[in-house]
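K.L.:
Structure in structure tokens, see below.
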Amino acid sequence: MRKVIAVSIFAYLVISGCTDNHFISDRAYRKKVEAQYEKQKELAKNRSKQLFSVFDQKISNSEKEALQFLYAYSSLNDLADYNGDFFLKNIRASFAARDTFSWGKKIPENIFRHFVLPVRVNNENLDSSRWVFFNDLKDRIKSLPMKEAVLEVNHWCHEKVTYRGSDGRTSSPLASVKTAFGRCGEESTFTVAALRAVGIPARQCYTPRWAHCDDNHAWVEVWVDGKWRFIGACEPDADLDLAWFTKPAKRAMLVNTTVFGDYEGPEDVLQKDPLFTRINVLENYAPIKKVTVSVVDLSGKPCDSAQVEFQLYNYAEFYPLFKTVTGKDGKCSFTTGLGDLLVWAAGKRKYGFAKLDVRKYDTVKIILHRNESASVVMDIDLVPPVEREITAEVSDSARKKNSDRLAFEDKLRSAYEATFIDSSKSARLATLLNLNPDTLWTFLHKSRGNWREITEFITSTSSGSKHLIFPLLENISEKDLRDIEPDALEDVISSTSKYQALTSNTAEFNKYILSPRVDNEWLKPCRNFFQSAFDAAFIDSARNSPDIIAGWIRKNVVLNNTGNYSRAPITPTGVFELRVADEHSAAICFVSICRSFGIPARLDPATKAPQYLFNGTWKEARLHESKKQDVKKGMLTLVNFPENEKKPEYSTHYTIESYEDGFFRTLDYEGSPLVQDFPCAIEVSAGPSLMVTGVRLTNGTVLAKLKFFTVKSGETTNQSIELRKNKLPTEEYGRISEDLPGKKATEGMIVAWVDPDKEPTKHLLSDLRQKKKEFGAWKGSFMMVFPSEEQMKTFVKKEAGSLPPLINYSFQSSFPIRISDIKAKTVDIKNLPVVIFINREGVIIYLSEGYRIGTGDELLTLMK
């Protein structure tokens, strides 16, 4: 990736000191920024030189005010992990973009301030993308009107990046380009970065959870000629306000975005923090209603300052869409969509909750009458907003033109991917380095555009440390392979031999000492840094008693759980330098210091609490004074209810939650081998617990069950996972009379019309891959139908091997039936993928259209 600055930007840097205009013309707002800047300056005093010496340079008044604005509202991780020169370069690039393009002069000051200038979009690590993207896009869009420029930037983004699911850590914009794919949060982060790089105001919007299926989604809003419009990130459509998620968004219960700084806009404000403003933009997409909650105690007296959460069922838990507190009248409000919510309130050592049907009601009363020892089982049906039709105002010819362009852009991206290292080059490298060729190819293949960096690390590793290369690469994530820099890996190799590992178990050494990956932090060199930062006496004492490291953090690092609002962890070296951190970043720092000294350490897989291995037992470290030193534990044994129609999966059909200050918080066992088979036993905190189970119907409705119970300290508690049964009659969507290939299969037939280049189809394919084994045992027939023969052949060559082997492939012009043959009772069926299940009598008894998560699970239920 080129890291050069365009000539126009360079020229701007030279002359920028000549102007003395105000970046913030409103004097009152400027004073507010200056006051907040002074607070942040005091907070970041331990990194004063790195952050604030930039003001000693010759900079203009507008640059000074812009720098103060960025510092005034920066998240803790940005104050800890980046330097003043970095922010000044980005400010100058933003000003250059404003002066280069015609729309720069039209953008209001407050819109530019909050939606162009800020570098951070979400929780990505920051990079030099602003000036790189400006250089790539400048000549391509300079002569275009603003609307056409937005569409063109999105096409450029599609040339670089397409959708593919990945883990929750957000890649930087340049890393996404290097990888050539990303999940929706990465696509939208990348697209916002590209738009801001050319001076177009943009913001990442997202629904934290859908109401009708188990997932979330992020996209982009752009400010075009005075109005906010939306686009699908890296998914250009023929016009603005068009995307595959337009229809699902009409069923959303919340669409929001976090705005950098003290934003004074017209939108509904969800949260006004000293550093950011969280706004609700749901009314741009769906019908809304303002609902009011009244919280009272047992005597009926209003409860002041009660904690209230508006919770939505998703991923087998009740996710808090919005948290707030009641006023003196015991009331609070929330603007949301027309579906069902669970409203939960807590205060005065009591809690209460109630279901709220927003379609029918705009008020709900909650009585704080439940206590910690409550033992209750209850069923709740949760219904999402109704599906609504959309009307597209784009001609068929425009859609065809856009579709053809997307296909061409796919080829451009494929041409870039063809530059990645191939298996033959990898094999030659393995021979040269005397490494196992198959293992080396596994890592280099997964590293994609980062293969040169991985190769640089491998070739620079000394022969005495070569045995650590593969164990190290095995214990970082696939995403790490795609974006890690060689110095972060070299730091681990060069530091590991300095202290003998305090475990003789190879697996423990590889996972809890050798690996630099702790949670979702940005991997930067830190091992040699910590070995030099602490003296030998401290390190020797810590190796004998790791609690000494926790004591150092308690004494030297100020806990601040509100300032790191970006949710990107501060790096371990950033924590050390800033000496201020949120609890999560401090925990990561503790683990990293331990590993630097040869002490096995980790974050607890379920609770994320910092732990170290001592005398064969995992001990929890106390990083702040208020933390309970000894958390009592008990064993929870889970068994599968014998009448369940499917094997329950964690975070799909059930979750376990522990009680914490009036609320129940989900334990993170998603994907854990501890809960893969039944009966299974997990160690949890003793005390009140909650099991949530749910069965989602095809219309999005959830049949949920809440089971409250208590886990006793030092004892084993047994709980059965019981899924509710769907007692509704099977709906019919028509009859297929054609003699289809496979229709006479003994157990029915599945037909799926797909568009493999679009995200909704990719979710379906992911469902099928995850259930590959289960589908393999079915005796029915499965046909996947593509828009064209060319798309089918390309897909079969690249992807068919990862899918269930029973699937056969066809294309629309050769397949006997059309989507129009399906008779849906509600709306026209237009959006791919379309999936139907045809029983042995030829009756269509299942229909899934468009974006949907969990289709594979629903099909398996029908099969049984």
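The values are calculated or read from the model by the stated rules, or taken from the named source; none is laboratory data. Source: prediction; values computed, not measured. All Cβ positions, even for glycine, are placed from backbone atoms using ideal geometry, and neighbour counts span all protein chains on display. The accessibility values were calculated without ligands, DNA or RNA, using every heavy atom of the protein model including side chains. Shrake-Rupley method; radii C 1.70, N 1.55, O 1.52, S 1.80 Å.
K.L.:
Check off (1) under 30 Å from residue 240 (Cα atoms); (2) open to solvent by less than 20 Å² (accessible area, probe 1.4 Å) for residue 368 and give me the number that stays unchecked.
P.N.:
For residue 368, the failing item is (1).
K.L.:
Let me ask something else. Inspect segment 614-631 for any residue being out of contact with any Lys or Arg (no Cβ under 7 Å at 6 or more places or on another chain), open to solvent by less than 30 Å² (accessible area, probe 1.4 Å), over 30 Å from residue 691 (Cβ atoms) and not small (Gly, Ala, Ser) and give the result as yes or no. Break it down stepwise before answering.
P.N.:
Let us first name the residues in segment 614-631 that are out of contact with any Lys or Arg (no Cβ under 7 Å at 6 or more places or on another chain), namely 614-622, 626-628, 630-631.
Next, from what is left, pick out any that are open to solvent by less than 30 Å² (accessible area, probe 1.4 Å): 621.
Applying the additional criterion that residues be over 30 Å from residue 691 (Cβ atoms) yields none.
For segment 614-631, residues out of contact with any Lys or Arg (no Cβ under 7 Å at 6 or more places or on another chain), open to solvent by less than 30 Å² (accessible area, probe 1.4 Å), over 30 Å from residue 691 (Cβ atoms) and not small (Gly, Ala, Ser): absent.
K.L.:
Which number in (1) among the hydrophobic types (A, V, I, L, M, F, W, C); (2) part of a loop (DSSP other than H, G, I, E, B); (3) under 20 Å from residue 374 (Cβ atoms) marks the one condition that residue 343 misses?
P.N.:
Single failed check for residue 343: (2).
K.L.:
Are there any pairs with C-beta distances below 8 angstrom linking a residue in segment 38-49 that is over 18 Å from residue 65 (Cα atoms) and without any contact (Cβ under 8 Å) to a residue 24 or more places away in the chain to a residue that is among the hydroxyl-bearing types (Ser, Thr, Tyr) and surrounded by fewer than 17 Cβ atoms within 10 Å (Cβ to Cβ), with the two at least 6 apart or on different chains, and if so which?
P.N.:
none
K.L.:
Another one. Here is a check on your reading of the model: is residue 671 more than 26 Å from residue 543 (Cβ to Cβ), under 28 Å from the mean Cα position of the chain (by Cα) and surrounded by fewer than 16 Cβ atoms within 10 Å (Cβ to Cβ)? I'd like the intermediate steps shown before the answer.
P.N.:
Values: more than 26 Å from residue 543 (Cβ to Cβ): yes; under 28 Å from the mean Cα position of the chain (by Cα): yes; surrounded by fewer than 16 Cβ atoms within 10 Å (Cβ to Cβ): yes.
When the stated conditions are applied, residue 671 passes them.
K.L.:
Follow-up. Out of (1) under 16 Å from residue 761 (Cα atoms); (2) in contact (Cβ under 8 Å) with a residue 40 or more places away in the chain, what's the single condition that is false for residue 786?
P.N.:
(2)
K.L.:
Give the residues of segment 499-551 that are of a type in the set (D, E, K, R), without any contact (Cβ under 8 Å) to a residue 60 or more places away in the chain and farther than 22 Å from residue 581 by Cα, sorted by residue number.
P.N.:
535, 540, 543
K.L.:
In segment 508-536, which residues are in a helix (DSSP H, G or I) and either open to solvent by 70 Å² or more (accessible area, probe 1.4 Å) or closer than 16 Å to residue 603 by Cα (or both)?
P.N.:
At the first step, the residues of segment 508-536 found to be in a helix (DSSP H, G or I) are 508-514, 527-533, 536.
Once the filter is applied, which keeps residues that are in a helix (DSSP H, G or I) and either open to solvent by 70 Å² or more (accessible area, probe 1.4 Å) or closer than 16 Å to residue 603 by Cα (or both), segment 508-536 yields 508, 509, 510, 511, 512, 513, 514, 529, 532.
K.L.:
Please find, among 397, 373, the residue that is among the small types (Gly, Ala, Ser), more than 29 Å from residue 209 (Cβ to Cβ), outside any helix (DSSP H, G or I) and open to solvent by 60 Å² or more (accessible area, probe 1.4 Å).
P.N.:
The match here is 373.
K.L.:
Oh, and also: Based on what the data block shows, is residue 308 touching a strand residue (DSSP E or B) at 6+ places or on another chain (Cβ under 6 Å), more than 30 Å from residue 648 (Cβ to Cβ), among the β-branched types (Val, Ile, Thr) and modelled with pLDDT of 95 or more?
P.N.:
Considered against the rule, which asks whether it is touching a strand residue (DSSP E or B) at 6+ places or on another chain (Cβ under 6 Å), more than 30 Å from residue 648 (Cβ to Cβ), among the β-branched types (Val, Ile, Thr) and modelled with pLDDT of 95 or more, residue 308 comes out as yes.
K.L.:
Among 209, 183, 169, 203, which is the only one that is open to solvent by 30 Å² or more (accessible area, probe 1.4 Å), under 19 Å from the mean Cα position of the chain (by Cα) and more than 23 Å from residue 411 (Cα to Cα)? Before the answer, list the steps.
P.N.:
Working: 183 fails: more than 23 Å from residue 411 (Cα to Cα); 169 fails: open to solvent by 30 Å² or more (accessible area, probe 1.4 Å); 203 fails: open to solvent by 30 Å² or more (accessible area, probe 1.4 Å).
Step by step, each of 209, 183, 169, 203 is checked, and only 209 is open to solvent by 30 Å² or more (accessible area, probe 1.4 Å), under 19 Å from the mean Cα position of the chain (by Cα) and more than 23 Å from residue 411 (Cα to Cα).
K.L.:
Can residue 301 be described as open to solvent by 10 Å² or more (accessible area, probe 1.4 Å), charged (D, E, K, R), at pLDDT 95 or above and in contact with a strand residue (DSSP E or B) (Cβ under 8 Å, 6 or more places away or on another chain)? Walk me through it before giving the result.
P.N.:
Working: open to solvent by 10 Å² or more (accessible area, probe 1.4 Å): yes; charged (D, E, K, R): yes; at pLDDT 95 or above: yes; in contact with a strand residue (DSSP E or B) (Cβ under 8 Å, 6 or more places away or on another chain): no.
In short, no.
K.L.:
For segment 1-80, which fully contained helices (runs of 4 or more DSSP H) count at least 1 residues that are modelled with pLDDT of 95 or more?
P.N.:
Values: elements: 7-15, 27-43, 48-52, 61-72.
Hits in segment 1-80: 27-43, 48-52, 61-72.
K.L.:
Now for a separate question. Considering each residue of segment 574-610, count those that are free of Cβ contacts under 8 Å to residues at least 40 places away in the same chain and surrounded by fewer than 24 Cβ atoms within 10 Å (Cβ to Cβ), and give that number.
P.N.:
Total meeting the criteria: 2.
K.L.:
If residue 408 satisfies all but one of (1) assigned to a loop (DSSP other than H, G, I, E, B); (2) open to solvent by 80 Å² or more (accessible area, probe 1.4 Å), what's the number of the condition it fails?
P.N.:
Among (1) assigned to a loop (DSSP other than H, G, I, E, B); (2) open to solvent by 80 Å² or more (accessible area, probe 1.4 Å), residue 408 violates only (1).
K.L.:
Please find, among 728, 697, the residue that is in contact (Cβ under 8 Å) with a residue 12 or more places away in the chain, open to solvent by 90 Å² or more (accessible area, probe 1.4 Å), under 30 Å from residue 251 (Cβ atoms) and of a type in the set (A, V, I, L, M, F, W, C). Please lay out each step first, then the result.
P.N.:
Details: 697 fails: open to solvent by 90 Å² or more (accessible area, probe 1.4 Å).
None of the others qualify; the one that does is 728.
K.L.:
With the structure loaded, tell me whether residue 694 is of a type in the set (Gly, Ala, Ser) and on the phi > 0 side of the Ramachandran plot or whether it fails that test.
P.N.:
No; evaluated as a whole, the condition is false for this residue.
K.L.:
Further question on the same structure: Is it the case that residue 747 is at pLDDT below 90, in contact with a Phe, Trp or Tyr (Cβ under 7 Å, 6 or more places away or on another chain), not aliphatic (A, V, I, L, M) and not in a helix (DSSP H, G or I)? Show your work before the answer.
P.N.:
Working: at pLDDT below 90: yes; in contact with a Phe, Trp or Tyr (Cβ under 7 Å, 6 or more places away or on another chain): yes; not aliphatic (A, V, I, L, M): yes; not in a helix (DSSP H, G or I): yes.
Considered against the rule, which asks whether it is at pLDDT below 90, in contact with a Phe, Trp or Tyr (Cβ under 7 Å, 6 or more places away or on another chain), not aliphatic (A, V, I, L, M) and not in a helix (DSSP H, G or I), residue 747 comes out as yes.
K.L.:
Would you mind finding the one in 689, 651 that is touching a Phe, Trp or Tyr at 6+ places or on another chain (Cβ under 7 Å), among the hydroxyl-bearing types (Ser, Thr, Tyr) and over 23 Å from residue 371 (Cβ atoms)?
P.N.:
Values: 689 fails: over 23 Å from residue 371 (Cβ atoms).
Of the residues listed, the single one that is touching a Phe, Trp or Tyr at 6+ places or on another chain (Cβ under 7 Å), among the hydroxyl-bearing types (Ser, Thr, Tyr) and over 23 Å from residue 371 (Cβ atoms) is 651.
K.L.:
Would you tally the residues in segment 440-454 being among the aromatic types (Phe, Trp, Tyr) and open to solvent by less than 60 Å² (accessible area, probe 1.4 Å)?
P.N.:
Pass one, segment 440-454, residues among the aromatic types (Phe, Trp, Tyr): 441, 443, 451.
This time we only want the ones that are open to solvent by less than 60 Å² (accessible area, probe 1.4 Å), so: 443, 451.
So the answer is 2.
K.L.:
Please state which one of 225, 237, 214 is surrounded by fewer than 23 Cβ atoms within 10 Å (Cβ to Cβ), charged (D, E, K, R) and on the phi > 0 side of the Ramachandran plot. Step through it out loud before you land on a result.
P.N.:
Values: 237 fails: on the phi > 0 side of the Ramachandran plot; 214 fails: on the phi > 0 side of the Ramachandran plot.
None of the other options fit; the residue is 225.
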